[in-house]
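Inspection log for the structure reproduced underneath, given as structure tokens.
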Amino acid sequence: MSKANESVKVDKELDMLNVTRGVWLVKVPKYMANKWEKAPENTEVGKLKIARQKGKQPSVSLTLSDAVINIDPSEKIPRHHRLDASVITKQTLGVFSHSDPAVALQPEAERFEGRIVKRLECRPYDDNCYMKMKLDSIRKASQPRRQTKSLEKIVNNFKPISNHKHNIEYVERKKTEGKKSRDDKAAVQDMLFNAFEKHQYYNIRDLVRITRQPITYLKEILKEICDYNMKNPHKNMWELKKEYRHYKEATGSDSD
């Protein structure tokens, strides 16, 4: 008897050795985070300094290293920052880590790194470097993303490879019509009358083929002696006007 595949939930052990350790949650500016992401591995990104004074809260400052400052020298950022701290009292927050077995070459494991006891926000000092950086960011934000530029020479973005089919057909049709010479109007009318003696209705293509006249010239003559049907069942077809029709009406056989 076969058994259907079922998803099995595996309980993993959680390392709680650091349950009594307190950790800080630090929020850093975006420009600093971008620099840190670009820094090579095992690089010292900065130094943290905690100054304790009797009767006062400790002051915390962060100084970025030269390795971070020199990443992309065209983008200058402040080196010195202060960390404003606030105590977390109404929330219970923790930090967890997850090991990748492919990197650590050990079984997958989860660890509780500590409980967050302070939240700190990293802020730069209002020095000349910071003011210049903010001014540059405001200028970049105010610049329109799309700008109009005058071109000194023509830029050909589209180069046709081959002629389109409808253009070829149009040229061929014009060549064919150009070879047709206009016959005498009376002669064309005779050809039309002879054609309408055989059939009551014709479309323009058949009349061009029969008379071998340019279509514009033929339409001028047709408007004088024919009516153009706009309704079914003979829509878009030509027939002689009433004064030119000579159709025989069907009659019954004479009785003795």
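The values are calculated or read from the model by the stated rules, or taken from the named source; none is laboratory data. Computed from a prediction, not measured in an experiment: that's the story for all the values here. With ideal geometry, Cβ positions are generated from the backbone for all residues, glycine too; neighbour counts draw on all protein chains shown. The accessibility values were calculated without ligands, DNA or RNA, using every heavy atom of the protein model including side chains. Shrake-Rupley method; radii C 1.70, N 1.55, O 1.52, S 1.80 Å.
On the given criteria, is residue 35 assigned to a strand (DSSP E or B) and farther than 22 Å from residue 94 by Cβ?
Working: assigned to a strand (DSSP E or B): no; farther than 22 Å from residue 94 by Cβ: yes.
Considered against the rule, which asks whether it is assigned to a strand (DSSP E or B) and farther than 22 Å from residue 94 by Cβ, residue 35 comes out as no.
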Seminar exercise, completed: For the stretch 235-256, the count of residues that are surrounded by 10 or more Cβ atoms within 10 Å (Cβ to Cβ) and either in a helix (DSSP H, G or I) or modelled with pLDDT under 90 (or both) equals 2
Exercise. Tally time: how many residues in the stretch 179-194 are over 13 Å from residue 225 (Cα atoms) and open to solvent by less than 70 Å² (accessible area, probe 1.4 Å)?
Worked result: 3
For this session: Would you tally the residues in the stretch 176-202 being basic (Lys, Arg), farther than 15 Å from residue 221 by Cβ and modelled with pLDDT under 70?
Result: 1
